[in-house]
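The structure under discussion appears below in the form of structure tokens.
The values are calculated or read from the model by the stated rules, or taken from the named source; none is laboratory data. A quick note: this is a predicted structure, and the numbers were derived from the prediction, not measured. Backbone-built Cβ (ideal geometry, glycine too); neighbour counts: all protein chains shown. All accessible areas refer to the heavy atoms of the entire protein, side chains included, with ligands and DNA or RNA removed. Shrake-Rupley method; radii C 1.70, N 1.55, O 1.52, S 1.80 Å.
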Amino acid sequence: MKTIRLPHLFDMKQKREKFCCLTVYDASFANIISGLGVEIVFVGDSLGMVIQGHDSTVPVTVDDIVYHTKQVARGNQNSMLMSDLPFMSYSTTEQALHNAARLMAAGAHIVKLEGGAWLAPAVQALTERGIPVCGHLGLTPQSIHMLGGYKVQGREQTAAQLLKDEAVALQEAGVQLLVLECVPSQLAKDISETLRIPVIGIGAGKDTDGQVLVLHDALGITPGRKPKFSKDFLTGNPAGVNGAIQQFIDEVKSSSFPAAEHEFV
Ligand code: KIV
């Protein structure tokens, strides 16, 4: 199987082929998920909630992400390995460089950070030094206390325009991928069509270039309330965990996931 790197994802965008991303936190799942051909295995700071049991991603540390990145790197076969820079680990360019270097040394191929145009100097510094960056706009869970809750972003016209401007600013600063979380589907479609870089959606409709889900959501094992944008691919699946992951892949590739019931308008 071909090793997935950024040019492959850019090529898929050109050919309008959808790609998949799942969060993964350990070697065993990394082995299954990358073995089935998920293009990006992602050590997300969602581990603070689904692994550590916190009520937000804010308590997650760089040490936590390094620890899980090392595990995923050992299990990964051919996927691109993306790792999250956690809360306050990139609030200055110096911090971003230091902490991103730790994630890359642990086995990441690209780092992800949350926020808009204010990140341009950090993105430029990272990419100039050979560290690819994925942006993250829309609902940015590290800012949950500023946002006031896990709410859809970009519904009003000014907020939607700001989001588009931030997406372009990040691209111009050098990000190679962008996650859009919990935004109206039409806005996500417009941004995906405007940007030359691949856009990965979560709660952003079916028209982004790729789709990401938190693994525990995709397996229906996240404790508590299930996000509207997620789908349990495991319950009732006769082929178990592998079957659930394969179904996620098939539904993303055929654009049947996300369906209308998973979208925001
Ligand atoms: O940490 C995470 O899991 C995320 C989502 C986009 C899946 O950032």
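Some observations on this one:
- Residue identified as open to solvent by less than 60 Å² (accessible area, probe 1.4 Å), more than 14 Å from the ligand (Cβ to nearest atom), among the charged types (D, E, K, R) and without any contact (Cβ under 8 Å) to a residue 24 or more places away in the chain among 166, 193, 251: 251
- In the stretch 215-261, the residues that are in a loop (DSSP other than H, G, I, E, B), of a type in the set (A, V, I, L, M) and either at pLDDT below 95 or more than 23 Å from residue 191 (Cβ to Cβ) (or both): 219, 221, 234, 239
- In the stretch 23-44, residue farthest from the ligand (Cβ to nearest atom) [restricted to those that are of a type in the set (S, T, N, Q) and either in a loop (DSSP other than H, G, I, E, B) or surrounded by 24 or more Cβ atoms within 10 Å (Cβ to Cβ) (or both)]: 34
- Matching option when the condition is within 25 Å of residue 243 (Cβ to Cβ) and out of contact with any helix residue (DSSP H, G or I) (no Cβ under 7 Å at 6 or more places or on another chain), among 44, 48, 37: 44
- Across the stretch 45-99, the number of residues qualifying as away from the ligand (no atom under 13 Å from the Cβ), among the hydrophobic types (A, V, I, L, M, F, W, C) and open to solvent by 30 Å² or more (accessible area, probe 1.4 Å) comes to 3.
Let's see how each residue does on (1) closer than 19 Å to residue 89 by Cα; (2) open to solvent by 20 Å² or more (accessible area, probe 1.4 Å); (3) more than 16 Å from the ligand (Cβ to nearest atom); (4) not β-branched (Val, Ile, Thr):
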{"site": "124", "(1), (2), (3), (4)": "yes, yes, yes, yes"}
{"site": "135", "(1), (2), (3), (4)": "yes, no, no, yes"}
{"site": "140", "(1), (2), (3), (4)": "yes, no, no, no"}
{"site": "144", "(1), (2), (3), (4)": "yes, no, no, no"}
{"site": "152", "(1), (2), (3), (4)": "no, yes, no, no"}
{"site": "159", "(1), (2), (3), (4)": "no, yes, yes, yes"}
{"site": "188", "(1), (2), (3), (4)": "no, no, no, yes"}
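- Top-ranked residue in the stretch 218-231 [being more than 18 Å from residue 21 (Cβ to Cβ) and not small (Gly, Ala, Ser); ranked as most open to solvent (accessible area, probe 1.4 Å)]: 225
- Cβ pairs under 6 Å, 6+ apart, first in the stretch 26-48 and among the charged types (D, E, K, R), second within 14 Å of the ligand (Cβ to nearest atom) and open to solvent by less than 20 Å² (accessible area, probe 1.4 Å): 39/20; 45/57; 45/60; 45/84; 45/86
- Unmet criterion (only one of (1) crowded, with 24+ Cβ neighbours inside 10 Å; (2) without any contact (Cβ under 8 Å) to a residue 60 or more places away in the chain; (3) under 22 Å from residue 84 (Cα atoms)) for residue 215: (2)
- Test result for residue 183, within 16 Å of the ligand (Cβ to nearest atom) and farther than 25 Å from residue 29 by Cβ: yes
- Filter result (outside any loop (DSSP other than H, G, I, E, B) and not polar (S, T, N, Q)) within the stretch 72-95: 72, 73, 74, 75, 80, 81, 82, 84, 94
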